[in-house]
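Report on the following structure.
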Amino acid sequence: MEQHKDFSEIHKQTLEKVEKYIKDKDKAPAGEYEKIHAAKDKWQTAWNEFLETLMVLEKLEI
């Protein structure tokens with residue numbers, strides 16, 4: 001499925017940018033790191049739910 005590859009690439013790029021942002025913020029306030037990691041966890045959870053939805057849609061189209 002071509003869309004799945006496109007979405008996976010977007011997801012990969014987003015996570016890379018988040019990791020780069022975290023590394024660039026050497027002296028950020030401690031609370032900022034928790035917020036960033038919480039947002040990253042929410043993103044990952046939403047991504048997993050999105051993939052589950054895509055799989056259901058694929059099954060319905062078969």
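Coordinate-derived values only; no laboratory data. Computed from a predicted model, the values in this text were never measured in an experiment. All Cβ positions, glycine included, derive from the backbone under ideal geometry; neighbour counts span all protein chains shown.
Could you say whether any residue in the range 17-24 is surrounded by 11 or more Cβ atoms within 10 Å (Cβ to Cβ), part of a helix (DSSP H, G or I) and either among the acidic types (Asp, Glu) or in contact with a strand residue (DSSP E or B) (Cβ under 8 Å, 6 or more places away or on another chain) (or both)? Within the range 17-24 (the criterion being surrounded by 11 or more Cβ atoms within 10 Å (Cβ to Cβ), part of a helix (DSSP H, G or I) and either among the acidic types (Asp, Glu) or in contact with a strand residue (DSSP E or B) (Cβ under 8 Å, 6 or more places away or on another chain) (or both)), the answer is yes, since at least one residue qualifies. For the range 1-16, the candidate set comprises residues that are among the hydrophobic types (A, V, I, L, M, F, W, C) and in a helix (DSSP H, G or I); within that set, the residue that is surrounded by the fewest Cβ atoms within 10 Å (Cβ to Cβ) is ILE10. Does at least one position in the range 29-40 carry a residue that is in a helix (DSSP H, G or I), touching a residue at least 24 places away in the same chain (Cβ under 8 Å) and surrounded by 12 or more Cβ atoms within 10 Å (Cβ to Cβ)? Yes, some residue in the range 29-40 is in a helix (DSSP H, G or I), touching a residue at least 24 places away in the same chain (Cβ under 8 Å) and surrounded by 12 or more Cβ atoms within 10 Å (Cβ to Cβ).
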